[in-house]
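Visitor: Dropping a structure here in structure tokens format, bear with me for questions.
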Amino acid sequence: MNTTDFLPLTRPDIDEDTIAGVVEVLRSGWITTGPWNTKFEQSLSEYFGGRQVRTFNSGTVTMEVALRMLGVGPGDEVITTPLSWVATANVVLAVGATPVFVDIDPITRNIDTAGIEAAITPRTKVILPVHLAGLPCDLDAIFTLAQRHGLRVLEDAAQAIGSTWRTRRIGSFGDYSSFSFHPNKNATSIEGGCLVLPPDADPGLVERLRLQGVRRFGLDGMDVDVLGSKANLTDVAARVGFGQMQRVDGFNRRRTALAQAYFALLDAFGLPARGVQLPVRDFESSNWHMFQIVLPAEVQRAAVMQALKDRGIGTGVHYPPIHLFTMYRKLGFEPGQFPHAERVGTGILTLPLFPAMRDADIARVAEALSTVLREFGL
Ligand SMILES: *Cc1c(COP(=O)(O)O)cnc(C)c1O
């Protein structure tokens, strides 16, 4: 196999118009936050039903600012899932608060909403659900609980741009919603993120938290009244993100069609009967950010990944459970606390899925996976 045939796990799709637009920005004399950032924020606001949106230079800092907007700090608890990118829990620690994990539902792989209520204490401030792989969490259950207990909700929608809950786009309703534009996400600004604000949030404060807490007035006035970050998005990045927003719905439709093709072939190869768990078959509300299978406990995931790599196919792990990382173990978390997250985290494997994939690529992955798993006795 020639290396040019390597099929990566994912690949961003930047069109020529966007590339030309980036060159124009570079030649314009204004390359950091400016007119294109404003245009990008406006296009995002339109996408999210007219709500206020502010951009950031990462999805991580976006969530951190949201927690600061919610006044979360030392002594406060934030309820979240142990099966996510570590940023989800790291931002809770970054503001001095305590992450409280609730185990996942092993079928959806999202936080098990039935377990949230038992984790609520007088210190709980925020529920931080993650729409893993773009499959929406049960937001009816989450907002009902939040209302009953006087809690706020920050959706980690990093993977969920274009996903819907009961036909409404994630981010177009609810409380705070945070998105990421990392190159692996369904829409990218190289690096970046955005925060969709609830009506009670002051966009001016969000902007100050984004940039050193600085407030300007008049021609020469400046004051700082809050400790802000350095998290503004460049216009070069914003131009890329703006170009992606014109195409994100098309990307998501293509991802959905490719996911359906995976199911048809993996079913035909009998993978579910051979002990491989496929994702939830949701072709209405998920944006198919990832197509993830869970391997049975008896096969070694790394060996399967190596065998697929040898056949020119890239795969990934999203994610090992957060509570088992050394830093979290030092905080007192232990193996066995969240058994579903541990089982799924040990067996989960992300297969290639990106809009430019051809149907033949899906067939190649499905066939290779079936062959490899047979070699491992499945
Ligand atoms: C990507 C991601 C983030 C962080 O976004 P960055 O832009 O990489 O900082 C947070 N949470 C989840 C679930 C993610 O997938």
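Bear in mind that the values in this text are calculations on the coordinates, not laboratory data. The structure displayed is predicted, hence computed values, not measured ones. Reconstructed Cβ throughout: ideal geometry from the backbone, glycine too, with neighbour counts over all protein chains shown.
Visitor: Among I142, V130, G218, whose Cα sits farthest toward the positive end of the charge dipole of the stretch 89-221 (+1 at Cβ of Lys/Arg, -1 at Cβ of Asp/Glu, about the Cα centre)?
Guide: G218
Visitor: Calculate, in nm to one decimal, what R166 and Q337 gain on full extension: separation in residues at 0.36 nm each, minus their alpha carbon distance.
Guide: 58.4 nm
Visitor: Report the extension gain between K230 and V23 in nm, rounded to one decimal, defined as 0.36 nm multiplied by the number of residues separating them, less their alpha carbon distance.
Guide: 72.0 nm
Visitor: Where a ≥ b ≥ c are the square roots of the eigenvalues of the C-alpha gyration tensor, would you call the chain rounded, which needs a/c under 1.5, or, failing that, prolate if a/b is larger than b/c, or oblate?
Guide: It is oblate, given that a/c is not under 1.5 and a/b is not larger than b/c.
Visitor: How many angstrom lie between the Cα centre of the stretch 186-230 and the Cα centre of the stretch 309-329?
Guide: If you average the Cα positions of each part, the centres end up 33 Å apart.
Visitor: Then there is this: Normalised by the number of residues in the chain, what is the relative contact order in percent for Cα pairs under 8 Å and 6+ residues apart?
Guide: The normalised contact order for the chain reaches 23 percent.
Visitor: A further question follows. Which residue, I107, I348, I362, tops the fluctuation ranking in a GNM of the chain built on C-alpha contacts under 10 Å?
Guide: Its mean-square fluctuation being the largest, the pick is I107.
Visitor: Between D202 and A141, how many nm apart are label points set 7 Å from Cα along the C-beta direction?
Guide: Between D202 and A141, the simple spin-label model gives 3.7 nm.
Visitor: In addition: What does the charge add up to near A87, with Lys and Arg as +1, Asp and Glu as -1, over the other residues with Cβ less than 12 Å from its Cβ?
Guide: -2
Visitor: Same structure again: Charges at C-beta only: +1 for Lys and Arg, -1 for Asp and Glu. How large is the resulting dipole of the chain about its Cα centre, in Debye rounded to 20?
Guide: It works out to roughly 220 debye.
Visitor: Right, another one. Can you count the Lys pairs in the chain with C-alpha separation below 25 Å, eight or more apart or on different chains?
Guide: Value for the chain: 5.
Visitor: Quote the FRET efficiency, to the nearest 0.05, computed for M327 versus L9 with a Förster distance R0 of 35 Å and r equal to the Cβ-Cβ distance.
Guide: 0.85
Visitor: Of the beta bridges DSSP finds with both residues in the stretch 16-245, what % are antiparallel, to the nearest 5?
Guide: Percentage antiparallel, nearest 5: 55.
Visitor: Would you kindly state how much longer the chain becomes between Q300 and V86 on full extension, computed as 0.36 nm times their sequence separation minus their alpha carbon distance, in nm to one decimal?
Guide: 74.7 nm
Visitor: If the only charges are +1 at each Lys and Arg Cβ and -1 at each Asp and Glu Cβ, what is the size of the charge dipole of the stretch 248-375 around the Cα centre, to the nearest 20 debye?
Guide: 220 debye
Visitor: Work out, in µm²/s and without decimals, the Stokes-Einstein translational diffusion coefficient of the stretch 81-227 at 20 °C, 1.002 mPa s, Rh from Kirkwood over C-alpha pairs.
Guide: Estimated via Stokes-Einstein, D reaches 129 µm²/s.
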